[in-house]
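Q: Can you read through this structure? Questions will come right after.
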């Protein structure tokens, strides 16, 4: 049996980044939430916000620690498995990755220490300022890494010398055509994911009638935020789609399951795409709808997969279904938000058992949607690693064999399952324990500082 | 335009140097973990490095990304050549990194996180030594690619370097514990440090004798005039520092051994192997291709300033880690007796609240 190092390297990269992205999906939003709670506490001096902040900071510390260790793996993946990609693109992307590291290190790590342990050592405004800086650091970090990713999707501002890419215009590289849409859509997705996770914890406590003031406050805050963000995210997703049609039409054709280029393109609701015979089985579709939402015109022509040779098409089935999972979960979130909106006006959101049970069940939904969306954009870019320029199979390290990658992939899978299993277990345990009691919170705010960083996360 | 290559060589060399210096002792504490007698001592050992380990490790990430950004050709050749040592080092770092978090939360499975902390530290250190040994040995290159197989690293010299680094980091860890702990743990660490110092000297001797036979470029550099004159003080200074460290360990001085242990490592591995070999690997490959400066990918080398500031802050943090033990300010996690507060009152934890009015 021959093992393909390219396929296995792709699986390995997909595996390590899928696990890693779960943590930013949570910490970017959580850092901002902690910032808001700290701000409210500084202004209103209400202990509810302090207790909520203490509670979420503990969980944030664990997630952040896991983000650090799974993040150390990423900069080495480009070298171990994708050395030809590194050689070709480093002049353009290397500085972006370096800025990402610097943003993450200087702002996040520097101020995280003050956020976790400085409560008694610095004045309240400085503590709030640290919370702002940590939130800003996570956002900047996302900006740099998404700028690099967007450049791989829609390269701009470069020149090719000897098959390698050199920067010509840094502004064009940074603000390449897909960056604004990708950044907005991804970061909003992170916020929505975190908000649903926070709401799930609050609903769980409300269902059990414990920590009622904190849980009520946080449920109302997050549902209010989601009422704005979920519709916004649907609009942003639509704009991102329109942008993708313009720059990566074949990716959109795979997302929509469209084989033929045609006007009045149908929106396929369900189908089993068959790449071999270039057709869909069991298709259920609404005529002309895809033309409307992709080009905002019923009669517009939409490019199909058959417009390019099969060697330039992504794996259709994965992209098609990942897209449906993402959109389906988006609509589910919109439905829950609409329900919360009705309850908010009728009153009793925090007492409706059906609503609370649904909100608890929504905990993983944001994370799954983030992974699905990431799959759509990354698998949809195939067979290119840099769209239209560098094929994935030409990017892999020439020296590694299929067996090498199989061995390392197996090792990563074993270690990640243990680490993430334990991490999720400890985070859930912290979440179930709930915010600290009144006296405990006061002690935490005014007592001696803990001896070690991250010991703030001790249960 | 200024030539960025020497600047960035210094920045990365400095990053690696800081990493060996800083992460060296906390990995060493991990390696010494099984020799502790009981959970109480293990708590002390872990607490002594817990405030600084993650800061120490950021140097590694900075080194990795800076190599990619500034010397992409070296990155694209060296990293795939070291496929398994790097993967195993990363897995080791993950396993020991989460142990800091999880060990204190675990109840039933604490011993598993003890093992994960020890095994991860040992693996990360050993494979860092293997990486270092391969640097000295050099890599098979064809055009712009590594031309060997993923198992080329598996040869006697790198494995010896791996064992040497385990011994060296363990010595750093032991001297760190001499500096930061008290009582029986400190005494045990003193004894361990002396044995490890002998081991380190043996490894230094072996590596130094072996290197010129294996890498002819290094032999040429060592044994030509005037380089010989520049390098001549290295063995003398090493011997002097080793002698001082040995005697400091025998007496009751706590800080000198740590500084001495650092110096032994720095003078040898730092001053000799790394900058020279890094320059050799990076510049050698580059010069053979298309001139040197094209490899510099950044428009301007601005990062060295914040990096320097960061070192400063971090070194301060490292030196301020309090001594762990019964006399120390913060004791074990079991919350053994705290020093009596200055103002006494009936409820000890609620007294000094004067800094900020109680909210709410």
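Q: Report the label-to-label distance for residue A:310 and residue A:234 in nanometres (one decimal), using points 7 Å from each Cα along the Cα→Cβ vector.
A: Roughly 3.8 nm, to one decimal.
Q: Order these by the 10 Å Cβ neighbour count, fewest first: A:244, B:238, A:2.
A: Listing A:244, B:238, A:2 from fewest to most nearby Cβ atoms yields A:2, B:238, A:244.
Q: So what is the 222 nm mean residue ellipticity for chain A from helices alone, if each DSSP H run of at least 4 adds -39500 (n - 2.57) and you divide by all residues, rounding to the nearest 500 deg cm²/dmol?
A: Taken over chain A, the calculation gives -24000 deg cm²/dmol.
Q: Give me the angle, in degrees from 0 to 90, between the Cα long axis of helix A:402-433 and the longest principal axis of the Cα atoms of chain A, rounded to the nearest 10.
A: Tilt relative to chain A: about 30 degrees.
Q: Give the separation of the Cα centroids, the stretch A:48-67 to the stretch B:148-206, in Å.
A: 38 Å
Q: Distance between Cα centroids, the stretch A:246-316 to the stretch A:121-179: provide it in whole Å.
A: 32 Å
Q: Right, next: Which order do B:180, A:432, A:120 fall in if you start with the one that has the fewest other Cβ atoms within 10 Å?
A: Ordered by Cβ neighbours within 10 Å, fewest first: A:432, A:120, B:180.
Q: Another question about this same structure. What's the angle, to the nearest 10 degrees (0 to 90), between helix A:179-207's Cα axis and the longest principal axis of chain A?
A: Approximately 40 degrees, to the nearest 10.
Q: Here's another thing I want to ask about it. Report the far tail of the P(r) of the stretch A:292-425, meaning the percent of Cα-Cα pairs longer than 25 Å.
A: I get 55 percent for the Cα pairs in the stretch A:292-425 exceeding 25 Å.
Q: Here is a follow-up. What do you get when you divide the Cα radius of gyration of chain A by 2.2 N^0.38 Å, with N the number of residues? If you can, show how the numbers build up before the last one.
A: Values: Rg = 23.3 Å, N = 459, 2.2 N^0.38 = 22.6 Å.
Dividing the Cα radius of gyration by 2.2 N^0.38 Å gives 1.03.
Q: What's the center-to-center distance, using Cα atoms, between the stretch A:333-377 and the stretch B:54-68 in Å?
A: Cα centroid of the stretch A:333-377 versus Cα centroid of the stretch B:54-68: 39 Å apart.
Q: Further question: Sorted from fewest to most neighbouring beta carbons within 10 Å, what does the list A:424, A:145 look like?
A: Listed from fewest to most nearby Cβ atoms, that is A:424, A:145.
Coordinate-derived values only; no laboratory data. This is a predicted model, so every value here is computed, not measured. Because the Cβ atoms are built from the backbone with ideal geometry, glycine has one as well, and the counts that use them run over all protein chains shown.
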